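Only one structure is covered here, and it is reproduced in the block below.
Derivation of every value follows stated rules applied to the coordinates shown; laboratory data play no part. These numbers come from a predicted model, not from an experiment. As a convention, Cβ positions derive from the backbone with ideal geometry for all residues, glycine included, and neighbour counts pool all protein chains shown.
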Amino acid sequence: MHIGCPKEIKPQEFRVGLTPTLAQDLVARGHIVNIETGAGLGAGFSDAAYVQAGAEVVETAAEVFAQSEMIVKVKEPQAGERKMLREGQLLFTYLHLAPDADQTHDLLASGCTAIAYETVTDARGGLPLLAPMSEVAGRLAPQMGAWTLQKANGGRGVLLGGVPGVAPGRVLVIGGGVVGTHAARIAAGMGAEVTVLDRSLARLRYLDDSFGHLFRTGYSSPAVTAELASEADMIIGAVLIPGASAPKLISKGQLATLKPGAALVDVAIDQGGCFETSRATTHDDPVYNVDGIMHYCVANMPGAVARTATQALTNATSPFVIALADKGWMQACADDPHLLNGLNIHAGQVTYTAVGEALGLPTVAPNLQLKSAA
């Protein structure tokens with residue numbers, strides 16, 4: 001198979017879809033790999049490293065898209081990239097379609113087959129291609145929130161760890177999954193007083209058993225969330241409904257009940273955000289103020305630590321990229337129902353229910369789609 005990896009063009013996105021190691025594995029299996037020049041530089045991988053791995057470095061993204069049967073990326077294709085997709089071409093990347101009608105309609109119009117990292121599952125019900133970036137984003141969230149809390153950045157001027165004689169900052173983490181757990185661990189490690197809210201009793205028991213010495217847990221309800229939010233210096237939104245838009249957990253009206261200069265860090269912004277006042281920002285301009293509350297809503301947080309994030313991501317994507325290349329997408333999905341769960345778009349139709357429901361579009365069951373395409 002001819003596999004292409006363009007340079008990411010989302011603002012301040014330095015990750016890359018293929019490392020030289022993965023490119024070398026693909027070439028060794030008889031595949032052709034094209035990399036756009038400079039694609040790996042932000043993550044510390046030179047063009048020469050790809051050439052040494054057996055890949056061909058090409059000058060433009062247009063060449064990558066024109067020559068490749070499968071496109072492997074990190075972030076969702078931007079408007080200009082979507083125009084280069086074609087019927088029958090396979091796209092394998094993060095998509096986050098539920099809050100993004102424009103992208104969804106462009107992918108449908110292209111006729112491509114799009115498999116989303118974030119909805120691929122595993123035998124334990126987890127999301128193996130989302131997990132590594134959730135780990136990175138979760139660990140970054142308190143760090144970015146602490147920066148946002150600095151007075152020079154508009155925040156309360158609170159040091160999370162406090163000092164002798166001065167109480168530490170209070171951090172509320174809404175969501176006890178992968179993002180929330182890692183965020184809570186780091187915030188607690190910074191010396192903050194941390195509470196994690198979740199609606200799963202089983203998850204709360206796990207967190208309490210494993211981390212009860214580091215942070216507290218609570219059952220999430222509107223009343224409890226509102227009470228703890230009013231006491232917090234930092235609130236980290238870490239909720240996830242796979243493939244669907246994030247629920248809004250703090251309303252615009254509630255901002256008046258928060259501490260002036262409090263920091264909201266919305267890690268769910270890729271799925272539309274879990275605060276009503278959230279809007280996606282970039283690393284160039286990450287923070288904005290609404291009613292005296294500072295919002296950090298960067299939609300590609302792991303891009304700030306591109307080398308670590310790229311290596312973590314490709315560790316997870318490699319088996320799936322190799323399976324798709326070796327077998328073709330139809331056979332790979334037929335052999336692996338967890339990969340099939342990643343199929344969001346095929347031949348002009350939505351194949352992932354949560355996306356269809358979020359955007360009011362009809363959905364075709366993936367297994368039926370496979371049969372009709374066979």
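Do any of Lys151/Lys259; Lys7/Lys73; Lys7/Lys83; Lys151/Lys248; Lys151/Lys252 go past 20 Å between their Cα atoms, and which?
Pairs exceeding the cut-off: Lys151/Lys248; Lys151/Lys252.
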Let's test the formula: R0 of 35 Å, r as the Cβ-Cβ distance of Arg29 and Thr282. What FRET efficiency results, to the nearest 0.05?
0.45
Summing -39500 (n - 2.57) over the DSSP H runs of n ≥ 4 in the chain and dividing by its residue number, what mean residue ellipticity at 222 nm do you reach, to the nearest 500 deg cm²/dmol?
-10500 deg cm²/dmol
Magnitude of the Cβ-charge dipole (Lys and Arg +1, Asp and Glu -1) of the chain about the Cα centre, nearest 20 debye, reported as 700 debye
Could you tell me the calculated FRET efficiency between Ile9 and Asp326, based on Cβ-Cβ distance and R0 = 22 angstrom, to the nearest 0.05?
0.15
Which value, in Å³ per residue, describes the convex hull spanned by the Cα atoms of segment 1-88?
79 Å³
Candidates Gly342, Gly237, Gly125: whichever shows maximal mean-square fluctuation once the chain is modelled as a Gaussian network with Cα springs under 10 Å
Gly125
Using Cα-only point scatterers and the Debye equation, what is log10 of I(q)/I(0) for segment 131-299 at each q in 0.15, 0.18, 0.19 Å⁻¹, rounded to two decimals?
-0.72, -1.09, -1.23
If one computes the Cα centroid of segment 238-302 and of segment 166-209, what distance in Å separates the two points?
18 Å
Which number do you get for Rg(Cα) / (2.2 N^0.38 Å) in segment 218-374?
1.31
Hits in segment 169-206: amide N under 19 Å from the 7 Å Cα→Cβ extension of Tyr219, namely 173-177, 195-206
Report the full-extension gain for the segment His105 to Thr37: residue separation times 0.36 nm, less the Cα-Cα distance, to one decimal in nm.
21.6 nm
For a bin width of 10 Å, list the pair-distance distribution of segment 238-290 built from all Cα-Cα distances, rounded to whole %.
24, 53, 22, 1
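Enter the per residue convex hull volume of the chain, computed from alpha-carbon coordinates, in Å³ rounded to the nearest integer. Could the numbers behind the result be given before it?
Details: hull volume 51.2 nm³, N = 374.
Taking only Cα atoms, the chain has a hull volume of 137 Å³ per residue.
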Quick one: putting +1 on the C-beta of Lys and Arg, -1 on the C-beta of Asp and Glu, what dipole do you get for segment 131-299 around its Cα centre, in Debye to the nearest 20?
140 debye
Looking at segment 87-228 from every direction and averaging, what is the projected area of its Cα convex hull in nm²?
11.6 nm²
Of Ala146, Leu201, Val179, which is farthest towards the positive pole of the chain's charge dipole, taken about the Cα centre with +1 and -1 on the beta-carbons of Lys, Arg and Asp, Glu respectively?
Leu201
Stokes-Einstein, Kirkwood over Cα pairs, segment 265-352, 25 °C, 0.890 mPa s; D in µm²/s equals 155 µm²/s
Between Ala365, Ser134, Gly342, whose Cα lies farthest towards the positive end of the dipole of the chain when Lys and Arg beta carbons carry +1 and Asp and Glu beta carbons carry -1, centred on the Cα centre?
Ser134
Length gain on complete extension for the stretch Asn315 to Thr353, per 0.36 nm per residue less the alpha carbon to alpha carbon distance?
10.9 nm
Using a 7 Å offset from the Cα along the Cα-to-Cβ direction at both Val51 and Ser230, what is the distance between the two label points in nm, to one decimal?
6.5 nm
How much length is gained if the chain between Asp291 and Thr21 is pulled fully straight, taking 0.36 nm per residue apart and subtracting their Cα-Cα distance, in nm to one decimal?
92.4 nm
